[in-house]
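A short write-up of the structure that comes next.
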Amino acid sequence: MIHENDGAIFLKNLTAGKNLEFSEIKEGKIDFIASIDGLLKIDVNTLFELNCIDDIMMATLHNNFEVKKGLKVAGTRVIPLLVEESKLNEAKKIVGDKKIVEIVPFKPKKVGIVTTGNEIYHKRIVDKFGPVIEEKVSKYGCEVIGQVICPDDKDVIKDSILSFINQGAELICCTGGMSVDPDDVTPTAIKETNAKLVTYGSPILPGAMFLLAYYNNVPIMGIPGCAMYHKTTVFDVILSRILIDEKITKKDIAAYGHGGLCMNCEICTYPACNFTKI
């Protein structure tokens, strides 16, 4: 039989990955605390299997939760005062070399912004998209290397995207022209760069007209107009994963359907809410 405090230490050492600090042990319980700003990654399947073992437990925040240094992200404990060693051995067998909880730091990128639309190009209206995108990426330490305003001409848009990539841009943000109107040619322009399309459309509201593609390893994001008007959209959700160099798949996007409806709260508390928590 293993004392609860020793059992908690065992579980902490077994499950904790990088960039975590820990509380003192109290009655067989240890809290996991973020030691950096970053994105919380949880091995959800292994966590489930671990919690199927009697007499031990682990609770976490949601996977892909954007965290600040000092935030409590998980806790584990032994339920009884003494736990059978066999239960801990079973946990070790399930977890193996995997780590259930870790924080991945954000990696600032050089960003090129391609804004499209005849109205903006001919200065009939003022571009409001660029400042929004710049503000959002800047909070992660990203550098906007430039913004180009293009007419609704797919060849001009395509050339602008490729020009930014040739200049060393590590992320391209395309704004405007993302709907299905005949003169909205941004999605076509992105496809004609020979980038590999991941998705055009997402089960996230606001953000259904979102596009994601990769030109080699450079993500190209087609950002729908909702990002101008809503505090939190699909752009915020996917950006945090892009900035840890995670290669997003179609299945990753599809999984957001469960939880992908924003409640448009009067006071936005994202990420501390249910929006896009999977």
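The values are calculated or read from the model by the stated rules, or taken from the named source; none is laboratory data. Since the model is a prediction, treat every value here as computed from it, not as a measurement. Here the Cβ positions follow ideal geometry from the backbone for every residue, glycine too, while neighbour counts run over all protein chains shown. Please note that ligands, DNA and RNA were not included when accessible areas were found on the heavy atoms of the full protein model with its side chains. Shrake-Rupley method; radii C 1.70, N 1.55, O 1.52, S 1.80 Å.
Quick look at the values:
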item: Matching residues in region 109-134 - criterion: being in contact with a strand residue (DSSP E or B) (Cβ under 7 Å, 6 or more places away or on another chain) and touching a residue at least 60 places away in the same chain (Cβ under 8 Å); result: K109, K110, V111, G112, I113, V114, T115, T116, F129, I133
item: Top-ranked residue of region 71-82 - restricted to ones that are open to solvent by less than 50 Å² (accessible area, probe 1.4 Å) and at pLDDT 95 or above, ranked as farthest from N13 (Cα to Cα); result: V73
item: Of all residues making up region 212-234, the number that are of a type in the set (V, I, T) and over 19 Å from A169 (Cβ atoms); result: 3
item: Matching residues, region 1-27, being surrounded by fewer than 20 Cβ atoms within 10 Å (Cβ to Cβ) and of a type in the set (F, W, Y); result: F22
item: Residue count for region 89-130, restricted to those that are farther than 30 Å from N51 by Cβ and open to solvent by 80 Å² or more (accessible area, probe 1.4 Å); result: 10
item: Residue within region 28-37 that is among the aromatic types (F, W, Y), at pLDDT 95 or above and surrounded by 20 or more Cβ atoms within 10 Å (Cβ to Cβ) present; result: yes
item: Where F235 falls short, out of the listed (1) open to solvent by 20 Å² or more (accessible area, probe 1.4 Å); (2) out of contact with any Leu (no Cβ under 7 Å at 6 or more places or on another chain); result: (1)
item: Flag for K68 being without any contact (Cβ under 8 Å) to a residue 40 or more places away in the chain, in contact with a strand residue (DSSP E or B) (Cβ under 9 Å, 6 or more places away or on another chain) and not aliphatic (A, V, I, L, M); result: yes
item: Looking only at region 240-278, and only at residues there that are outside any loop (DSSP other than H, G, I, E, B) and open to solvent by less than 20 Å² (accessible area, probe 1.4 Å), the one that is nearest to P206 (Cα to Cα); result: Y256
item: Output for region 71-105, where each listed residue is outside any strand (DSSP E or B), touching a strand residue (DSSP E or B) at 6+ places or on another chain (Cβ under 6 Å) and within 26 Å of D37 (Cβ to Cβ); result: L71, P105
item: Yes/no for V180 being closer than 22 Å to V132 by Cβ, at pLDDT below 95, open to solvent by 20 Å² or more (accessible area, probe 1.4 Å) and not acidic (D, E); result: no
item: Close pairs from region 198-213: first open to solvent by less than 20 Å² (accessible area, probe 1.4 Å), partner of a type in the set (F, W, Y) and assigned to a strand (DSSP E or B), Cβ under 7 Å, at least 6 apart; result: L211/Y200
item: Qualifying strands (runs of 3 or more DSSP E) (wholly inside region 2-47; at least 1 residues being more than 25 Å from the chain's Cα centre (by Cα), touching a residue at least 24 places away in the same chain (Cβ under 8 Å) and more than 21 Å from F106 (Cβ to Cβ)); result: 29-34
item: Filter result for I220 (open to solvent by less than 10 Å² (accessible area, probe 1.4 Å) and at pLDDT 95 or above); result: yes
